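What follows is a single structure, written as structure tokens, with notes after it.
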Amino acid sequence: MKRTLACLLLVAAVAAAQKDEKKPPEDVILQAMQDEIARSRSIKIPNLTDAPYYIEYGLDDFEGLTLSATLGGLMQVQRTHVRIPRVEVRVGDYKFDNTNYLFSDMFRHSGMEGDRMPLDDDPLAIRTHFWLATDGAFKGAVDSISRKRSALKNVAAPETLNDFARAQPVKILLPVKRIPADEAAWTKKAKTLSAAFLDYPAVLNSGVEFQWSQVASYYANSEGTSLRYPDNLVDVRIRATGQAPDGTPIHDHAEFFGHVFLDLASEDRMMKSAQQVGANVTALAAAPVAETYAGPVLFEAQAAAQLLAQMLRGLAPVRKPVNEPGRNIPIPASEFEGREGSRILPEFLDVVDDPTQTEWRGQSLFGNYLVDMEGVKPTPLPLVEKGVLKNFLMTRQPVRGHEGSNGRARLPGNFGAGTAAFGNLFVKAAETSTAPELKKKLLDTISKRGKPYGMLVRKLDFPSSANVEEVRKLYGGEQGPSGRVVSAPLLVYRVYPDGREELVRGLRFRGLTARSLRDITAASDEAFVFDYLENGAPLALSGGGGYVANTTVVAPSLLFDDLELERVDAEWARPPVVPAPPLVSVR
Amino acid sequence: MRGQESASVILSFVPSSFRLTILGLALSLSLPAQSLLDVMREELDRNFAVLKEKSDPPAYFAAYTITDEESRGVSSTMGTLQASSNNRSRLLDVTVRVGTPKLDNYHKLPGENPRFTSASQVTVEDTVPALRRALWLETDRTYRAGAQRLIKIKTNASVNVAQQDNSDDFSTETATKASIEVPLLKWDAAHWEGVARKMSAGFQKYPGVLASSVGITVQREVKYFVNTEGTKLRHGRTFARVVLVARGKASDGMDLATSETFESQDTEGLPAEETLLEAVAHAGKNLEALLKAPVVDPYIGPAILSGRASGVFFHEIFGHRIEGHRQKDESEGQTFTKSLNEAILPPFLSVVFDPTKHRIGGVDLNGWYDYDDEGVKARRVPLVENGILKTFLLSRAPVKGFPQSNGHGRKSPGLEVVSRQSNLLVESTRTVTNAKLRQMLIDEVKRQGKPYGLYFDAITGGYTTTSRRGLQAFKVIPLVVYRVYADGRPDELVRGADIVGTPLASFAKILATSDKAEVFNGYCGAESGNVPVAAVSPAILVSELEIQKTDQSQDRPPLLPRPVEESAK
């Protein structure tokens, strides 16, 4: 009762605050959004009491330049300017609303909102768009809450968690000026980089893609949060594929990120990367097929960060939605659920997510962000201390034992909630070894166990650049007891007792779960920065999700005492019947 | 649930393609050492030589098509800009035929539409190594898929069952060579942006219009084609199009829309600004009238279809049934397969397909081309002469009695050719004036003892089922329909009518036509993609037509008034 009253008072206060403002708006778009939110609070279906208690609008003014090139030739240039609106309406109250129900997302009434949002700063046109979208969202929410109520009537012990956590209003108004993109210069760079593969005849298909986007992000909600901030991204992707004599497809890629052009690596460094990708594909195509292996595995360089990036995704808890009686839906719980206060890593490891950092030891951090998708500011968050799980990544969706966002809603989620993800994840080791010491530890372990060789992983296929067929064959089958899908190792070596390394191919992990992390026995003194785009898709498969979250993982090399790698047995098409055409450049 | 969703993400993993792009290249394109067609020719010969001699099963035919598409456009709503676009891309299609012309990998099995090509993107510059790689890899992939299907077909028992049509899978045609200049795109972005804004602002006068938009686009399409028979072609055309749409919701929840399109070969052929503004006003007024109009009751009785409505009617219920490949597919209804040289229309009607005709009565026709997508020269095909069916629309897939293509093999990039329509022309020898036709309708209404007849003014389009498993029926979706009363009351606009019926019955009931032909331009979608088409017809009087109520949405209109009304307070 108290809670409801407080809610009403808050509403009144916000409404009053909005009436007082008669000054010219600070921002035409934000003002239009706020005006329409204020007006929409009175939306009502005749003879029904359900009313919106929370309305949220987002608008991303997206200007992008994408260009791609292959073997020195331009494939396509795309310039895009589009405004992507987002509308959320919640009916009921914070305690019980239309979300967290199996069909929460399904009753979005298709109103007339299918049209494109106008690109002009015309308040009336912008409001008209939001008006129709709100109408559809509200009708959908009313439908959803009534179905949720009737579904609950048949549930014996319903969930008692609140549906939505309160959050402090935030106001941010940053300049969103744009830098013009030098299309000619970037076209030339893409073509030059792509021409690197003219020197690698074993590469079948290759390409370089530049993606440059400048987003002015607008957000307003009925609680008084109003935001305008730039959200920019530069992404250079270099990829190549090949084929082993037995038909196995080979691929490798390198990717560079920045918030603006200046963050990006030098052209020289990118060219070296392209050459490395060409060399990797060539070497992999000629590499022997490995045998299934069980024993110590050393993750060097970025491989450890790539592995942890996947394993620690589970620090975002999963809430089961209200279900229809008799309908069994397998929504796997997070591997870390219920393990708060328990050891999930060795004692010498700490994990902190700190999206507020912009730099680490002179390197810029890609995973920095100001505010999450729900308008909540992130603060540094200790996740694991001395190997013990301390906190989860939270959105405004309450889960068992936790209510209140810590600003980690970074991707859209299911059942009306956001998906939590980290920004800059730091994995810190209290006890460390030098790189040679780590390798020695690996060799000591194999000699102790009488193994002919150990395994060293330098790169995982994460985010995966595999094609659909490869994904199906590589990851489609049973993957260990938990069914967890972990990216296959891309660069994996046998290390012989004399220290010699041999590149092998055709392996994937078996039975690698969150529990395996407790088998980490040593970490390096050097840490590696790994930047990537999280999209929520399995393997963060490139192109697998509509939204992306810029992420960085900083982690040392890690030695696992015991892991299994299994040989992939799949049948592939034979190499082409016709010999390859010559790779002679026109120039 | 989540796991399943994730799986489908993987399976449907396709890079999102915003067709909203710009190619403002300030590139210095060094003159290529070899022309695109030469590179295609060389790579085709190199690949084919191996696939013909050294592979099993051997290839006997191959072709490459590169479609170079360039487009510019603008779209607007409420006087504001929604998007402006500038695109250029090149898409490669590869055909490899494995086996023999008698039986190859394209062999028709009931209900199957094999697809081997994939529209892979290639460089927009004539970069030789990149183009060669793409041609080579796509040829390999296409050959494999083709070889695999041929092996499957040969082991399929249904081939051994005596098929009614045992004609070959592929025709022999003479090689053609041509290089036709395609006009460059002309586009004044600022001007057309202004026109679009002005037009879209015009809808604001109509409160019933909830959402509206105006799109203006131009496109240039150049096709480069080579095959192993020696055909080598460069041809194409340009397009210009204006589309305006207004949408609203009646108080009972029925979604209604009015629209208008204008097609021509370039912006100079588009109507003057005032005509475009009139079209906006017309669509706005019509929508408001429709929102207030009564809902139709199911009805059977006499009707007039306007020339444009009749064009759609013929395209749907007649055109799709005389496409050659359907006569060969045993899963098809084959309405007309056995009707060759028999009367299928009243004797005063003839139907011609003519892709060589660019204009009629001052109006550009959308369905013209110089060569079809198999490199066969376009030609005029009289399909029905004085009511008698003479032939079918033919690609290079022969039909019993017709071993040769008549230049109607069409497709959009990434799909396989089937026989498709071009410019459909309905010609009549029993013509009367529009006024007389209306009088004939009223006479027929009285004769049948009905209170009213129907007048179909505008039709958006429709669909038709030609499959044997489906009902042999069609449905066209009229936008603007009037009741024409026998007692002299004024005509009454109604909403929510769908024309339904079965094809053969409908044709027999055409009584007369007007003396004035109208043009309906559009894009036809079928198994080989969207292709530009036109249908030209006079208005027709039908003694009996059946309408049913449209499926309608139960959603109520928006709960709050438009923001414009709020801010006016």
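Worth a mention:
- Residue-level analysis places B:Val122 outside the set of residues that are among the β-branched types (Val, Ile, Thr) and modelled with pLDDT under 95.
- Residue within the stretch A:432-455 that is assigned to a strand (DSSP E or B), under 18 Å from A:Ala294 (Cβ atoms) and at pLDDT 95 or above present: yes
- The one condition in (1) within 14 Å of another protein chain (Cβ to nearest Cβ); (2) more than 30 Å from A:His402 (Cβ to Cβ) that A:Val176 fails to fulfil: (1)
- Some residue of the stretch A:152-162 being closer than 30 Å to A:Glu223 by Cβ, modelled with pLDDT of 95 or more and either touching a Phe, Trp or Tyr at 6+ places or on another chain (Cβ under 9 Å) or assigned to a strand (DSSP E or B) (or both): yes
- Of the residues making up the stretch A:500-515, not a single one is closer than 25 Å to A:Asn414 by Cβ and aromatic (Phe, Trp, Tyr).
- Residue match in the stretch A:126-142 (condition: part of a strand (DSSP E or B), away from every other protein chain (no Cβ under 11 Å) and within 25 Å of A:Gly375 (Cβ to Cβ)): no
- The residue that is farthest from B:Lys152 (Cα to Cα), among those in the stretch B:42-57 that are acidic (Asp, Glu) and assigned to a helix (DSSP H, G or I), is B:Glu42.
- Restricting attention to the stretch A:380-402, the residues that are outside any strand (DSSP E or B), surrounded by fewer than 20 Cβ atoms within 10 Å (Cβ to Cβ) and either at pLDDT 95 or above or touching a strand residue (DSSP E or B) at 6+ places or on another chain (Cβ under 8 Å) (or both) total 5.
- A:Lys189 being touching a strand residue (DSSP E or B) at 6+ places or on another chain (Cβ under 9 Å), in a helix (DSSP H, G or I) and within 13 Å of chain B (Cβ to nearest Cβ): yes
- Residue match in the stretch A:293-302 (condition: surrounded by 15 or more Cβ atoms within 10 Å (Cβ to Cβ), at negative phi, assigned to a helix (DSSP H, G or I) and out of contact with any Pro (no Cβ under 8 Å at 6 or more places or on another chain)): yes
Rundown of residues vs (1) part of a helix (DSSP H, G or I); (2) in contact with a Pro (Cβ under 6 Å, 6 or more places away or on another chain), yes/no style:
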residue: B:Ser405; (1), (2): no, no
residue: B:Ser412; (1), (2): no, no
residue: B:Glu416; (1), (2): no, no
residue: B:Val426; (1), (2): no, no
residue: B:Leu437; (1), (2): yes, no
residue: B:Met440; (1), (2): yes, no
residue: B:Glu444; (1), (2): yes, yes
residue: B:Arg447; (1), (2): yes, no
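- Criterion (closer than 21 Å to B:Met40 by Cα, out of contact with any Lys or Arg (no Cβ under 6 Å at 6 or more places or on another chain), acidic (Asp, Glu) and not in a loop (DSSP other than H, G, I, E, B)) met by exactly one of B:Asp126, B:Asp93: B:Asp93
- Only one of B:Arg380, B:Arg308 that is crowded, with 20+ Cβ neighbours inside 10 Å and of a type outside the set (A, V, I, L, M): B:Arg308
Each row is one residue, and each column tells you yes or no for (1) touching a residue at least 12 places away in the same chain (Cβ under 8 Å); (2) more than 25 Å from A:Glu359 (Cβ to Cβ).
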residue: A:Leu411; (1), (2): yes, no
residue: A:Phe422; (1), (2): yes, no
residue: A:Leu438; (1), (2): yes, yes
residue: A:Asp444; (1), (2): no, yes
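- From A:Gly546, A:Gly536, residue being within 14 Å of chain B (Cβ to nearest Cβ) and either surrounded by fewer than 16 Cβ atoms within 10 Å (Cβ to Cβ) or outside any loop (DSSP other than H, G, I, E, B) (or both): A:Gly546
- Single match in B:Val418, B:Val384, B:Val426, B:Val445 (criterion: of a type in the set (Val, Ile, Thr) and touching a His at 6+ places or on another chain (Cβ under 7 Å)): B:Val418
- Qualifying positions in the stretch B:58-68 - surrounded by fewer than 18 Cβ atoms within 10 Å (Cβ to Cβ) and either more than 11 Å from chain A (Cβ to nearest Cβ) or outside any loop (DSSP other than H, G, I, E, B) (or both): B:Tyr60
- Between B:Ser428, B:Ser412, the distinction of being surrounded by fewer than 22 Cβ atoms within 10 Å (Cβ to Cβ), closer than 11 Å to B:Ala512 by Cβ and small (Gly, Ala, Ser) belongs to B:Ser428 only.
- Considering each residue of the stretch B:341-357 in turn, at least one proves to be among the β-branched types (Val, Ile, Thr), in contact (Cβ under 8 Å) with a residue 60 or more places away in the chain and part of a loop (DSSP other than H, G, I, E, B).
- Condition broken by A:Ser464, with the remaining ones in (1) at pLDDT 95 or above; (2) within 14 Å of chain B (Cβ to nearest Cβ) satisfied: (1)
- Filtering the stretch B:142-157 to residues that are in contact with a strand residue (DSSP E or B) (Cβ under 8 Å, 6 or more places away or on another chain), within 11 Å of chain A (Cβ to nearest Cβ) and not aromatic (Phe, Trp, Tyr) leaves only B:Ala147.
- Selection from the stretch A:556-579 of residues that are modelled with pLDDT of 90 or more and away from chain B (no Cβ under 14 Å): A:Pro556, A:Ser557, A:Leu558, A:Leu559, A:Phe560, A:Asp561, A:Asp562, A:Leu563, A:Glu564, A:Leu565, A:Glu566, A:Arg567
- Residue match in the stretch B:69-90 (condition: within 11 Å of chain A (Cβ to nearest Cβ) and within 20 Å of A:Ser206 (Cβ to Cβ)): yes
- Elements of the type strands (runs of 3 or more DSSP E) sitting completely within the stretch B:489-569 and holding at least 1 residues that are among the acidic types (Asp, Glu) and at pLDDT 90 or above: these cover B:492-494, B:510-526, B:529-549.
- Meets criteria (touching a strand residue (DSSP E or B) at 6+ places or on another chain (Cβ under 9 Å), surrounded by fewer than 24 Cβ atoms within 10 Å (Cβ to Cβ) and within 14 Å of chain A (Cβ to nearest Cβ)) for B:Asn113: no
- Check on B:Val481, under 25 Å from B:Ile360 (Cβ atoms), in a strand (DSSP E or B) and either of a type in the set (Val, Ile, Thr) or out of contact with any Cys (no Cβ under 7 Å at 6 or more places or on another chain) (or both): no
- Taking the criterion of being touching a residue at least 60 places away in the same chain (Cβ under 8 Å), assigned to a loop (DSSP other than H, G, I, E, B) and facing chain B (nearest Cβ under 9 Å), the residues of the stretch A:38-84 that qualify are A:Ile43, A:Ile45, A:Leu71, A:Gly72.
The values are calculated or read from the model by the stated rules, or taken from the named source; none is laboratory data. For clarity, every value in this text was computed on a predicted model and none was experimentally measured. Reconstructed Cβ throughout: ideal geometry from the backbone, glycine too, with neighbour counts over all protein chains shown.
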